[in-house]
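The values are calculated or read from the model by the stated rules, or taken from the named source; none is laboratory data. These figures come from a predicted structure and were not determined experimentally. Cβ sites come from the backbone with ideal geometry, for glycine too, and all protein chains shown count toward neighbours. With ligands, DNA and RNA removed, areas are computed over all heavy atoms of the protein, side chains included. Shrake-Rupley method; radii C 1.70, N 1.55, O 1.52, S 1.80 Å.
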Amino acid sequence: MRDLKVALVGGGFMGKAHSLAWSMAPIGLDLNATVTKEAIVDIRPDLPDVARQLGWNTFSDDWKSVLKRDDIDIIDVCTPPQFHAEIALAAIAAGKHVFCEKPITNDVAEALVMAKAARAAGVQTQVGFNYRHTPAISFAKLLLEDGRLGRPLQFRGSFLQEGGFTADPNRWRALKSTGGSGTVGDIGSHIVDIAEYLFGDIRRVSARVRSRDTEVAWKSESERIGGDLIDDAGVWLAEFESGAIGTFAVSSFASGHKNHIGFEFDASRGGVEFDWNDREVLRVSFIDEEPDLAGFRTISTSDKHPDGWWRLAGLGTGYPEISAIQFQHFIRGILSGEGSHPDFGDGAHSQLLVEAIAEAAVSDHWVDVPRRSESR
């Protein structure tokens, strides 16, 4: 049995979630591997207490020294995005496997360099698009793959939060200069990752985005573009390579929505509805039902479904468990040598798509998304 030793760089909100998930991943599924949480890296003054609370064996304020350690197999990057490339590239050069939170970086050129470096070094990588690993979404993917739902037709998705009303305007996420990627890049990338996971690649987009003004509803486009401001809300149309179509909406000023991912899609032989805030279930309809039974059925996920966590449906699969599921995929990819998804190539594609949405919003035209093969 192999023991994988992990170093986590970044001990904030996501660092806490990852700390829980690394502990849970080998417990929730027999991976023929153990995971040792060897080191946590941060510059916060309370790091010794944080390391003890989150269960890390050692701590450091110098990520470069940790990368030099021979006993570290995996580097988990949980810093703001402007630091991702430097840390990840150094980890790859040191022969480490790298898990990186999304976005892989806010710069397409950096993302492509990271993907190329990982391929050349032969290390395994994964990007933290954790929501796609929700068992209900994994099951929807299976229903499409085995043909029970037929061919994809239309996807309608949204990711809504209300945090913009109360968030610190000087937080790192709020400014491009400190790594902020806007609502499209931050939460919008999750909903398009889910859409492409289910429906395949998006080939072109048309979009509108807006930035919040404290005095009026939205700033003018000239103010947004001239001030190089992040977007606070956006909508876009998409056409998939398969010919399917999609509509998307994101907002950080959606009152009443704490963290709401929702989507529904139509296919040639049925349809699906999903609500992250009721993530234990998937609603599915099939067109060949008897007329007196036709309509949506509610399926409660269990270990009978892909990525299912519990034998008994309804016990609850929360945010840490789903983060652990993504690590399970990553660990299996390392052990097999075959890798896992989404990897750095997928992360670079995601950034190409986010930039295409931004370009479409400015140009007022449809914008083509580069093929995924170009980011590989």
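Taking into account only those residues within segment 103-142 that are part of a loop (DSSP other than H, G, I, E, B) and out of contact with any helix residue (DSSP H, G or I) (no Cβ under 6 Å at 6 or more places or on another chain), which is farthest from Ile75 (Cα to Cα)?
Checked segment 103-142; the qualifying residue farthest from Ile75 (Cα to Cα) is Asp107.
Out of (1) assigned to a strand (DSSP E or B); (2) out of contact with any strand residue (DSSP E or B) (no Cβ under 7 Å at 6 or more places or on another chain), what's the single condition that is false for Thr298?
Of everything listed in (1) assigned to a strand (DSSP E or B); (2) out of contact with any strand residue (DSSP E or B) (no Cβ under 7 Å at 6 or more places or on another chain), Thr298 misses just condition (2).
State whether one or more residues within segment 180-194 are in contact (Cβ under 8 Å) with a residue 60 or more places away in the chain and surrounded by fewer than 19 Cβ atoms within 10 Å (Cβ to Cβ).
No; the residues of segment 180-194 include none that is in contact (Cβ under 8 Å) with a residue 60 or more places away in the chain and surrounded by fewer than 19 Cβ atoms within 10 Å (Cβ to Cβ).
Take residues that are open to solvent by 20 Å² or more (accessible area, probe 1.4 Å) and not hydroxyl-bearing (Ser, Thr, Tyr) and tell me which of the strands (runs of 3 or more DSSP E) falling wholly in segment 229-291 contain 3 or more.
Once the strands (runs of 3 or more DSSP E) in segment 229-291 are filtered for at least 3 residues that are open to solvent by 20 Å² or more (accessible area, probe 1.4 Å) and not hydroxyl-bearing (Ser, Thr, Tyr), what remains is 233-240, 260-267, 281-286.
Somewhere in segment 32-45, is a residue acidic (Asp, Glu) and open to solvent by 50 Å² or more (accessible area, probe 1.4 Å)?
no
Take the conditions without any contact (Cβ under 8 Å) to a residue 40 or more places away in the chain, open to solvent by 30 Å² or more (accessible area, probe 1.4 Å) and more than 17 Å from the chain's Cα centre (by Cα) and apply them to Leu315. Does it pass?
Here the answer is yes, as Leu315 does meet what is asked.
Restricting attention to segment 17-31, report how many residues are surrounded by fewer than 22 Cβ atoms within 10 Å (Cβ to Cβ) and either at pLDDT below 95 or within 21 Å of Asp303 (Cβ to Cβ) (or both).
Final tally of qualifying residues: 9.
Taking Thr58 as the residue in question, decide whether it is free of Cβ contacts under 8 Å to residues at least 40 places away in the same chain and in contact with a Pro (Cβ under 9 Å, 6 or more places away or on another chain).
Here the answer is no, as Thr58 does not meet what is asked.
Just for segment 178-198: of the residues that are of a type in the set (Ser, Thr, Tyr) and part of a helix (DSSP H, G or I), which one is nearest to the chain's Cα centre (by Cα)?
So the residue we want is Ser189.
The rows are residues; the columns are (1) closer than 17 Å to Asp343 by Cβ; (2) surrounded by fewer than 23 Cβ atoms within 10 Å (Cβ to Cβ); (3) in contact with a Lys or Arg (Cβ under 8 Å, 6 or more places away or on another chain).
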position: Ser65; (1), (2), (3): no, yes, no
position: Cys78; (1), (2), (3): no, no, no
position: Ala91; (1), (2), (3): yes, no, no
position: Val98; (1), (2), (3): yes, no, no
position: Val108; (1), (2), (3): yes, yes, no
position: Ala111; (1), (2), (3): yes, no, no
position: Gly122; (1), (2), (3): yes, yes, no
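Tally the residues that are in contact (Cβ under 8 Å) with a residue 40 or more places away in the chain and hydrophobic (A, V, I, L, M, F, W, C), restricting the search to segment 28-50.
Result for segment 28-50: 4.
What are the pairs, 6+ residues apart or on separate chains, where a residue within segment 199-228 that is open to solvent by 60 Å² or more (accessible area, probe 1.4 Å) and in a strand (DSSP E or B) has its Cβ under 7 Å from a residue that is modelled with pLDDT of 95 or more and of a type in the set (Asp, Glu)?
Between residues of segment 199-228 that are open to solvent by 60 Å² or more (accessible area, probe 1.4 Å) and in a strand (DSSP E or B) and residues that are modelled with pLDDT of 95 or more and of a type in the set (Asp, Glu), the close pairs are Arg203/Glu239; Arg203/Glu241; Arg203/Asp368; Arg204/Glu239; Arg204/Asp368.
Out of everything in segment 1-52 that is within 22 Å of Arg69 (Cβ to Cβ) and assigned to a loop (DSSP other than H, G, I, E, B), what residue ends up being farthest from the chain's Cα centre (by Cα)?
Within segment 1-52, the match that is farthest from the chain's Cα centre (by Cα) is Met1.
Consider segment 302-340. How many of its residues are in contact with a strand residue (DSSP E or B) (Cβ under 7 Å, 6 or more places away or on another chain), over 19 Å from Tyr197 (Cα atoms) and part of a loop (DSSP other than H, G, I, E, B)?
2
Going through Phe99, Phe165, Phe129 one at a time, which residue ends up being out of contact with any Pro (no Cβ under 9 Å at 6 or more places or on another chain), under 25 Å from Val250 (Cα atoms) and touching a residue at least 40 places away in the same chain (Cβ under 8 Å)?
Exactly one residue qualifies, and that residue is Phe165.
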